[in-house]
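Only one structure is covered here, and it is reproduced in the block below.
The values are calculated or read from the model by the stated rules, or taken from the named source; none is laboratory data. Quick caveat: nothing in here was measured; it's all calculated off a predicted structure. Note that each Cβ is placed from the backbone with ideal geometry, even for glycine, and that neighbours are counted across all protein chains shown. Quick note on the areas: whole protein, heavy atoms, side chains included, nothing else; ligands and nucleic acids left out. Shrake-Rupley method; radii C 1.70, N 1.55, O 1.52, S 1.80 Å.
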Amino acid sequence: MAANPRIIIVGGGLAGLSAAIKCAEMGASVDLFSIVPVKRSHSVCAQGGINAAKNLKGEGDSTWQHLDDTVYGGDFLANQPPVKAMCDMAPAIIDLLDRMGVTFNRTPEGLLDFRRFGGTLHHRTAFAGATTGQQLLYALDEQVRRFESEDKVTKYESWEFLSAVLDPQRVCRGICAMDLRTMEVKTFPADAVIIATGGIGAIFGKSTNSVVCTGSAQSALYQQGAYYANGEMIQVHPTSIPGEDKLRLMSESARGEGGRVWVPKQKGDKRPAKSIPEGERWYFLEEWYPKYGNLVPRDVATRAIHKVVHEYDLGIDGQPMVYLDLTHIDRETLNKKLEGILEIYEKFVGDDPREVPMKIFPGMHYTMGGLWVDFNQQTNIQGLYAAGECDYSIHGSNRLGANSLLSCIYGGFIAGPNAVRYGRENGKSSDGVPSSVYETEKKRQDELNSRLMTSDGTENPFKLWRELGEWMSKNVTVSRYNKNLKETDTKIVELLERYRHVNVSDKSMWANTSFAFTRQLYNMLQLARVVTQGALMRDESRGSHYKPDFPDRDDKNWLKTTKAYFAPDADEPRFEFEAVDISLVPPRVRKY
Amino acid sequence: MANKTVLIKIKRQANPESQPYWEEFELTWRPGMNVISSIMEIAANPVTRDGKKTTPIVYDSNCLEEVCGSCAMLINGRARMACSALIDKLDQPITLEPFSKFPVVRDLSVDRSVLFENLKAVKAWVPVDGTYDLGSGPRMTPDEQEGAYPLSRCISCCCCMEACPQFNESTGFVGAATISQVRLFNTHPTGKVLKQDRLSALMGDGGIQECGYAQNCVEVCPKDIPLTKSISEVGKDVMKKAVVDFFRQ
Ligand SMILES: Cc1cc2nc3c(=O)[nH]c(=O)nc-3n(C[C@H](O)[C@H](O)[C@H](O)COP(=O)(O)OP(=O)(O)OC[C@H]3O[C@@H](n4cnc5c(N)ncnc54)[C@H](O)[C@@H]3O)c2cc1C
Ligand code: SF4
Ligand code: SF4
Ligand code: FES
């Protein structure tokens with residue numbers, strides 16, 4: 001029994017850091033691994049806010065209502081008990097963040113201010129300007145730095161997780177990682193491991209995600225035997241700014257503060273937006289969804305925009321874009337509440353959104369699917385936990401805005417203590433594990449690296465990646481057709497074949513980022529098949545998963561969780577299905 | 001606009017010990033390009049302007065929307081973030097160099113961990129009692145929030161340190177970012193309990209006294225953080241403390 005177990009946490013976003021804080025507080029020694037310095041994790045990108053039913057606006061909001069909105073928003077694919085636990089914990093999480101010094105916006109009385117977000121009728125979203133994720137991440141980062149100065153947390157920044165170390169009984173005994181400077185591969189023992197590696201946006205080429213969100217760690221674990229659940233559930237955010245290198249997000253808070261989406265009624269209208277009179281504008285979200293208006297959930301808004309652009313052919317200047325208009329709101333309010341995101345638009349597009357309506361279009365944003373975990377955040381591999389965007393547990397088939405930051409912190413707060421408890425109770429501890437277990441895994445990774453280093457094919461990894469992204473974005477996002485999904489899977493198999501002839505032009509053994517990327521690319525390709533095949537199988541429409549040929553939700557056949565596992569001999573995914581726990585809120589038709 | 005191109009000169013260095021050298025690249029112009037998207041383009045086709053095969057450029061990046069602080073470098077000689085540096089707004093040829101005051105890792109990537117060490121030294125955190133549920137935090141007026149929020153937006157990019165004439169090995173100066181964080185935590189209702197510790201950490205060599213008020217820091221800060229204001233406020237507190245400490249001796 002290890003009284004002070006050694007816990008490895010992979011990932012220093014909100015989920016990883018909150019797990020680290022809990023583990024350190026319980027007396028565990030924490031080794032925290034991250035590709036980027038943790039303060040630069042993707043969580044800093046989150047703009048809009050974090051949900052908690054604090055009911056400070058006299059609206060009669062409750063944690064039960066939060067649960068109901070969340071499972072209804074997710075079209076009933078989420079197991080309900082953990083969602084309830086999260087919604088119940090939310091108010092205390094906000095209080096804690098507030099105590100840690102997060103600069104949440106305030107009411108005149110000095111209390112926390114709340115804004116409205118999509119998929120609810122309540123003001124439930126706490127926010128710090130328009131850079132909430134940054135503020136939350138910093139608060140947790142500061143607490144972890146405090147533990148670091150007390151030697152309770154050791155950081156391994158600029159280290160990449162490659163794989164888990166599993167003993168012959170398939171129990172997780174540590175990890176294998178690569179130093180991204182010396183390119184050295186090493187194994188690290190642990191009594192329990194928590195994976196908190198975030199999203200998978202890079203599989204779609206361009207997305208709203210950060211560069212390191214490749215899903216490579218999740219994919220490596222899936223290939224080692226972890227279940228990957230609901231991979232087909234991909235959220236496309238209705239409002240992003242199309243860009244050369246990335247689709248920059250225009251947060252839902254823009255609509256939460258009153259932003260309106262419209263297109264000119266007349267096709268090919270060339271007039272500047274501001275000069276088009278009210279009567280000649282089509283506020284299609286407000287017309288189609290009078291109750292929620294511009295704040296319908298993301299999948300609904302995304303499909304509506306696609307319809308207006310692709311079916312009605314009413315995109316601005318014939319381009320796939322619509323207006324998101326804030327110009328009717330006064331400058332002072334905009335600056336106070338939305339400055340961070342308006343700045344992004346100004347910096348990257350060059351127009352002032354306080355003066356000119358923004359041009360936006362849907363972009364790949366978030367994965368609801370992820371590593372399968374039980375209600376304690378443990379994966380099907382004993383001793384291996386997961387939390388944050390990389391786990392599948394909370395959001396069903398569509399995530400509500402501002403619920404992710406919450407689910408990350410909740411996941412970390414559950415995974416951390418459970419990992420410590422597990423380490424205390426079950427660990428004969430890693431000391432008793434024969435060293436051959438570690439050596440075998442290191443050898444496997446070393447061989448993989450040297451094979452890649454010496455391969456002298458002709459395929460450029462970055463070009464392969466672009467092809468993958470184009471296919472995935474075109475066929476596996478908003479509208480899915482079985483024929484296209486099949487073709488996409490065939491394409492990925494072709495890319496995997498071409499990957500065998502990949503050319504790593506940089507042979508250096510020092511800070512070789514393109515080598516690291518090439519390694520990740522393989523994992524992205526494997527995971528892309530899970531996403532694509534999962535979508536192919538699910539012949540219904542539910543939440544973000546929309547098949548025009550199967551337009552309705554089919555609870556009889558598909559109210560179940562998709563679980564993919566890797567078949568090593570066939571080198572491809574296999575699938576199982578699991579019933580969804582709907583013990584709290586009976587499924588009803590989702591109609592906004 | 002056919003065949004319009006972009007000319008970029010990049011200072012490269014294979015590892016911390018080796019000599020730097022320059023390579024030139026010519027890319028096809030596209031609307032909306034920025035410095036990072038250009039370096040990505042080079043990775044997909046790593047060939048120099050004179051047709052020589054080379055390797056992709058090593059650099060740091062993550063968010064691509066100027067909020068993670070990764071991609072700082074010298075662009076046409078100025079310390080700034082590469083992801084928000086739009087090609088159309090830069091004079092060509094565009095020169096890219098790694099920061100000069102931090103150890104080069106490789107090419108444009110440098111080691112900026114000194115800032116994180118400094119943040120540890122000044123205890124840049126609110127010392128909460130624990131993470132169990134202790135009710136809500138201290139009340140704050142909207143004015144107080146509006147004062148703290150800009151300071152808390154620092155992305156630890158280190159542009160302010162690179163640009164500062166006083167930030168060098170001989171002074172060991174902590175730099176503006178750390179001082180500004182001290183101001184943030186010293187004004188927080190709970191954070192101020194460590195105020196004296198933080199001020200002590202900023203006294204003496206390498207502390208706030210090294211600042212010559214050259215204001216280069218404010219000019220380059222991508223988040224428009226009021227750094228000179230922070231320096232003068234914290235400077236006053238450090239002075240006060242020095243006087244009090246002196247009479248207590
Ligand atoms: C632009 C944008 C805006 C958003 N706004 C909101 C919002 O307003 N509200 C909301 O609730 N949600 C929002 N989201 C979603 C939310 O930001 C993310 O889901 C959340 O931050 C994910 O946090 P995380 O801790 O799971 O992972 P991340 O923050 O992505 O962190 C992942 C960590 O894992 C590390 N890592 C990854 N792979 C490896 C590896 N192989 N080895 C070692 N380390 C690794 C990384 O270095 C990083 O530290 C937004 C998302 C985007 C893209
Ligand atoms: S005011 Fe000048 S000397 Fe002081 S920190 Fe800023 S740049 Fe450096
Ligand atoms: S103060 Fe400004 S320039 Fe300095 S590290 Fe922070 S954001 Fe960068
Ligand atoms: S990549 Fe994050 S600041 Fe430029």
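Here are some notes:
Residues checked against (1) modelled with pLDDT under 95; (2) surrounded by 24 or more Cβ atoms within 10 Å (Cβ to Cβ):
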position	(1), (2)
A:Glu346	yes, no
A:Gly350	yes, no
A:Asn403	no, yes
A:Asp431	yes, no
A:Pro434	yes, no
A:Thr440	no, no
A:Lys443	no, no
A:Glu447	no, no
A:Gly457	yes, no
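- Residues of segment A:48-92 satisfying the condition of being surrounded by fewer than 24 Cβ atoms within 10 Å (Cβ to Cβ) and over 27 Å from A:Gly258 (Cα atoms): A:Phe76, A:Asn79, A:Gln80, A:Pro81, A:Pro82, A:Lys84, A:Ala85, A:Asp88, A:Met89, A:Ala92
- Screening the candidates B:Gly172, B:Gly206, B:Gly191, B:Gly212 for the property of being at pLDDT below 95, open to solvent by less than 10 Å² (accessible area, probe 1.4 Å) and more than 16 Å from ligand 1 (Cβ to nearest atom) yields one hit, B:Gly206.
- Residue ID - farthest from the other protein chains (Cβ to nearest Cβ), chosen from residues in segment B:82-96 that are open to solvent by 50 Å² or more (accessible area, probe 1.4 Å) and part of a loop (DSSP other than H, G, I, E, B): B:Pro93
- Residue match in segment B:97-119 (condition: modelled with pLDDT under 95 and more than 7 Å from chain A (Cβ to nearest Cβ)): no
- Boolean, A:Ser29 is under 26 Å from B:Val128 (Cβ atoms), among the small types (Gly, Ala, Ser) and surrounded by fewer than 24 Cβ atoms within 10 Å (Cβ to Cβ): yes
- Of all residues making up segment B:45-92, the number that are within 16 Å of ligand 2 (Cβ to nearest atom) and charged (D, E, K, R): 2
- In segment B:129-146 there is no residue matching the filter, namely being within 16 Å of ligand 2 (Cβ to nearest atom) and either assigned by TED's automatic domain parsing to the domain that holds B:Arg12 or open to solvent by less than 10 Å² (accessible area, probe 1.4 Å) (or both).
- Selection within segment B:182-230 - part of a loop (DSSP other than H, G, I, E, B), touching a residue at least 60 places away in the same chain (Cβ under 8 Å) and either farther than 28 Å from A:Glu343 by Cα or basic (Lys, Arg) (or both): B:Thr190, B:Leu202, B:Lys223
- Entirely in segment A:265-359, the helices (runs of 4 or more DSSP H) that have 3 or more residues that are within 25 Å of the chain's Cα centre (by Cα): A:298-306, A:331-349
- Taken together, the residues in segment A:125-155 that are crowded, with 22+ Cβ neighbours inside 10 Å, of a type outside the set (A, V, I, L, M, F, W, C), more than 10 Å from chain B (Cβ to nearest Cβ) and not in a helix (DSSP H, G or I) amount to 1.
- Within segment B:135-163, residues that are at positive phi and at the interface with chain A (Cβ under 9 Å from one of its Cβ atoms) reach partners that are among the aliphatic types (A, V, I, L, M) and part of a helix (DSSP H, G or I) with beta carbons closer than 7 Å, at six or more positions or on different chains, in the pairs B:Ser156/B:Leu115; B:Ser156/B:Ala177.
- Condition met for B:Leu227 (near ligand 3 (Cβ under 10 Å from one of its atoms) and either at pLDDT below 95 or outside the structural domain of B:Ala85 (by TED's automatic domain parsing) (or both)): yes
- Enumeration of residues in segment A:459-476 that are in a helix (DSSP H, G or I), more than 14 Å from every other protein chain (Cβ to nearest Cβ) and open to solvent by less than 20 Å² (accessible area, probe 1.4 Å): A:Met472, A:Asn475
Let's see how each residue does on (1) outside any strand (DSSP E or B); (2) within 16 Å of ligand 4 (Cβ to nearest atom); (3) touching a His at 6+ places or on another chain (Cβ under 8 Å); (4) open to solvent by less than 20 Å² (accessible area, probe 1.4 Å):
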{"residue": "B:Lys11", "(1), (2), (3), (4)": "no, no, no, no"}
{"residue": "B:Asn15", "(1), (2), (3), (4)": "yes, no, no, no"}
{"residue": "B:Glu24", "(1), (2), (3), (4)": "no, no, no, no"}
{"residue": "B:Pro31", "(1), (2), (3), (4)": "yes, no, no, no"}
{"residue": "B:Ile42", "(1), (2), (3), (4)": "yes, no, no, yes"}
{"residue": "B:Val58", "(1), (2), (3), (4)": "yes, yes, no, yes"}
{"residue": "B:Val67", "(1), (2), (3), (4)": "yes, yes, no, yes"}
{"residue": "B:Arg80", "(1), (2), (3), (4)": "no, yes, no, no"}
